Each structure stands twice: as C-alpha cells, then as structure tokens.
1. Name every residue in the stretch 101-146 that is polar (S, T, N, Q) and assigned to a loop (DSSP other than H, G, I, E, B), in order of residue number.
2. Failed condition for F180, given (1) surrounded by 20 or more Cβ atoms within 10 Å (Cβ to Cβ); (2) more than 23 Å from K264 (Cα to Cα); (3) not charged (D, E, K, R), with all others met?
3. Taking only the stretch 217-244 into account, find how many residues are buried (at least 24 other Cβ atoms within 10 Å of the Cβ) and out of contact with any Phe, Trp or Tyr (no Cβ under 8 Å at 6 or more places or on another chain).
4. Which is farther than 19 Å from D191 by Cα and without any contact (Cβ under 8 Å) to a residue 40 or more places away in the chain, of N131, N146?
5. When you go through (1) part of a loop (DSSP other than H, G, I, E, B); (2) within 20 Å of the chain's Cα centre (by Cα); (3) without any contact (Cβ under 8 Å) to a residue 60 or more places away in the chain one by one for L192, which number turns out not to apply?
6. Would you be able to say whether some residue in the stretch 258-265 is over 23 Å from the mean Cα position of the chain (by Cα) and not assigned by TED's automatic domain parsing to the domain that holds F86?
7. Being basic (K, R) and either part of a loop (DSSP other than H, G, I, E, B) or not assigned by TED's automatic domain parsing to the domain that holds Y184 (or both) is the filter; apply it to the stretch 35-71 and report the residue that is farthest from G217 (Cα to Cα).
8. Taking T43 as meeting all but one of (1) at pLDDT below 95; (2) crowded, with 19+ Cβ neighbours inside 10 Å; (3) not aromatic (F, W, Y), write down the number of the exception.
Amino acid sequence: MDKYEHGGNIYVYDKDVIDFSSNINPLGFPECIKDSIDIVDLTKYPDVNYTKLKNSISKYTGLKSENIIVGNGASELIYLFVRAFFLKKPLIPSPAFLEYERAVTLLGGNPFYYQIPEKNGYVIDADEIVNRLKEVDSVIIGNPNNPTGKAIKRKDVEYMVKEAKKLDLPVMIDEAFMEFIYDYEEYQSLDLINDYDNLFIIRAATKFFGLPGLRLGYGFGSENLIKRLEAYKEPWTVNVFADAAGRKIFADVKFMENTRKYIKEEVDYLTNELKKIDGLVVFDTQVNFMLLKLKNRRVNDLKEELLKRGILIRDASNFRYLDDRYFRVAVKSHDDNVKLVEAIKEILK
C-alpha cells in the first residue's frame with residue numbers, strides 16, 4: 001500500500017462497489033445548492049476576495065470575514081499553513097491524516113510524533129502534548145482525529161494552544177469532521193481565535209456537506225495570521241461552482257441537524273452490531289467513521305473477501321502506528337450498513 005494512499009479511490013475497480021472507505025456524509029449534499037450552481041457564470045473569474053462566500057461563512061460561525069480564508073479543500077490550507085510558517089518540526093499526534101506529514105516532508109521537514117495510546121481508546125492526553133512543546137516548532141492536530149474518530153474537548157484544546165503561545169508556536173487544528181459530532185459545541189474551538197493569535201482552525205465542505213468534488217475548504221485565525229497566509233496563497237483557488245455552493249450550504253440548518261441525528265443513530269447501530277463479532281475490536285467513535293482491528297486476520301484478506309461482495313473498506317495500515325490488522329469504515333445508508341455487518345460476520349465466523 002502506498003505511504004500516502006487515501007480512501008475513496010473507487011476508480012481502480014472494474015465494478016460498482018459500496019464505498020465504505022470514503023468518509024463523506026451519507027445523506028449527500030444539501031438540496032439548496034442546485035439552483036445556485038445552475039446559474040453560475042463560467043465566463044467570469046471568481047471574486048478574488050470571495051467576499052460573499054466569506055460573508056456566508058461569517059454568518060454561520062459568528063466570526064468576522066477578516067478572520068476567514070478559503071481554499072481548494074482543506075488540503076490546500078494544510079499545505080499553505082506549513083509553507084507560510086516554514087514549519088520543519090511540528091508535533092503531530094498520530095495516527096493522523098496523512099497530508100499533515102506529507103506537507104511537512106515535502107518542504108524538507110521532519111515531524112515529531114506523539115503516539116496516541118490505543119489502551120485509552122485513542123484519546124489524546126493534553127498534558128502529553130504540552131510536555132513535548134519545547135522539542136518542536138509547531139503543533140498540528142486533527143480534532144476529531146482521522147482515522148480514530150475521537151475528539152478533544154474545547155478546554156483541552158485551549159490549554160494546549162495557551163501553552164504553545166507562551167513558546168510562540170503556531171497551532172493548526174483540523175476540524176474537518178467537527179460538525180458530525182452530536183454535541184459538537186463541547187469540542188469546537190472557533191471562538192479561541194479571538195484570544196490566541198497563534199491558532200489556525202481548518203474546516204471543509206468536503207465531508208459534512210458531502211461535496212468532495214467541489215473542493216471547498218475554509219480556515220479561521222486572527223487578522224494578522226490570515227494576512228500572513230494570504231501572502232503565500234495563490235489567487236482564484238476556489239472555483240465559481242464551489243463559491244456559489246458555499247454561499248448557500250451554511251444556512252441549511254435542517255440538513256445539519258438531520259445529519260447529526262442520522263450519524264448518531266447509525267454509529268450506535270454499527271458499534272453495537274460489530275462488537276458482537278468475534279475476532280474484531282471496535283473502537284468507539286464520535287463521527288461518521290470508525291476504526292476497527294482484526295484479532296487474528298490480516299486486513300488485506302478481509303478487504304479482498306469484501307470486494308467479492310461489492311464492499312470497499314479503508315485499509316488503515318499506512319497510518320503511523322497502525323499495522324495490517326487495522327481498517328476504517330464510514331457510515332453509509334442503513335441498508336448498506338446492514339450489508340457490511342452481515343458480510344463481516346460471514347467472513348470472520
């Protein structure tokens with residue numbers, strides 16, 4: 001498996017599959033965007049300042065437009081943050097989203113890793129992070145974490161950011177999956193940018209709003225931090241389709257509420273049913289995907305057997321500190337979730 005390979009690569013298979021490898025909102029995207037995309041004018045450049053898009057995000061989050069930057073998915077903003085701050089040795093709690101490491105190593109850096117303990121259910125210990133701050137030049141954290149699905153509470157995030165600020169260390173918090181958490185208010189940290197000018201927070205329309213094909217990411221920081229990022233950013237990286245969709249989706253409260261309710265119900269179902277299967281370790285999750293571990297098998301064998309049944313899972317062996325016993329599955333429709341459970345039962349019996 002390639003070191004930086006991701007889920008969702010359905011294009012290499014010669015038949016239709018139920019894609020559990022890609023952790024996108026199973027309810028699809030908000031219907032409200034259809035009309036706006038139909039009237040997009042392709043003969044004009046996007047607004048280089050993305051004023052209306054930022055205003056939409058501002059209204060959604062309660063933060064000023066001057067505190068917002070937009071990009072071609074969260075990935076652009078990750079790479080931009082690393083580049084703008086010349087990061088060479090960030091602390092990355094791991095396993096973690098692979099692009100954090102790749103963004104750093106491409107610029108000649110060598111990340112410093114903190115192994116998130118499996119025995120504690122992959123919950124990050126804020127004290128362990130703080131104790132390592134003098135050894136690094138920055139901190140990059142996924143909250144919630146991908147692939148574990150576990151989140152850090154706001155008070156612990158503030159503690160880490162506050163201690164990092166004392167050492168003049170920039171901190172990036174990737175909240176791409178934050179809105180999937182049922183009680184997300186206890187975990188999100190957007191308001192902290194008003195008090196900590198070393199903090200940059202990233203979100204994306206990709207996962208929660210079900211729009212990976214449009215590539216729309218957005219980030220938050222102090223005015224000075226955002227100006228620094230803009231100085232290193234290419235113009236027009238958000239196309240007119242993403243711009244138009246972004247002006248609509250953040251007002252669709254019903255879609256957001258329905259998503260969180262659905263994810264909670266289906267995560268409960270999957271967790272309860274998968275925990276009944278011998279030979280399988282199920283790690284509790286707070287979002288729309290979960291990490292699992294085979295006790296006596298190897299994930300490649302399971303993956304091949306599931307593919308015969310038209311089901312694709314995410315081999316998680318290329319995440320740091322995981323091996324060929326681990327895999328990740330996303331929440332899909334209830335019928336598809338039932339098919340997954342029954343297929344794994346049959347294979348592992």
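The values are calculated or read from the model by the stated rules, or taken from the named source; none is laboratory data. Everything numeric here is computed off the predicted structure, so don't read it as measured data. A quick note on method: Cβ atoms are made from the backbone with ideal geometry, for glycine too, and the neighbour counts reach across all protein chains shown.
1. Narrowing the stretch 101-146 to residues polar (S, T, N, Q): 105, 110, 115, 120, 131, 138, 143, 145-146.
Correct list: N110, N143, N145, N146.
2. Failing condition for F180: (2).
3. The qualifying residues number 3.
4. On the way: N146 fails: without any contact (Cβ under 8 Å) to a residue 40 or more places away in the chain.
Of N131, N146, the one residue that is farther than 19 Å from D191 by Cα and without any contact (Cβ under 8 Å) to a residue 40 or more places away in the chain is N131.
5. Here L192 meets the rest and fails (1).
6. So the first thing to find is which residues in the stretch 258-265 are over 23 Å from the mean Cα position of the chain (by Cα), and the list is none.
The answer is no; no qualifying residue exists.
7. Initial filter on the stretch 35-71 (basic (K, R)): 44, 52, 54, 59, 64.
Then drop every residue that is not either part of a loop (DSSP other than H, G, I, E, B) or not assigned by TED's automatic domain parsing to the domain that holds Y184 (or both), which leaves 44, 64.
Working: K44: 21, K64: 17 Å.
Among them, the one singled out is K44.
8. For T43, the exception is condition (2).
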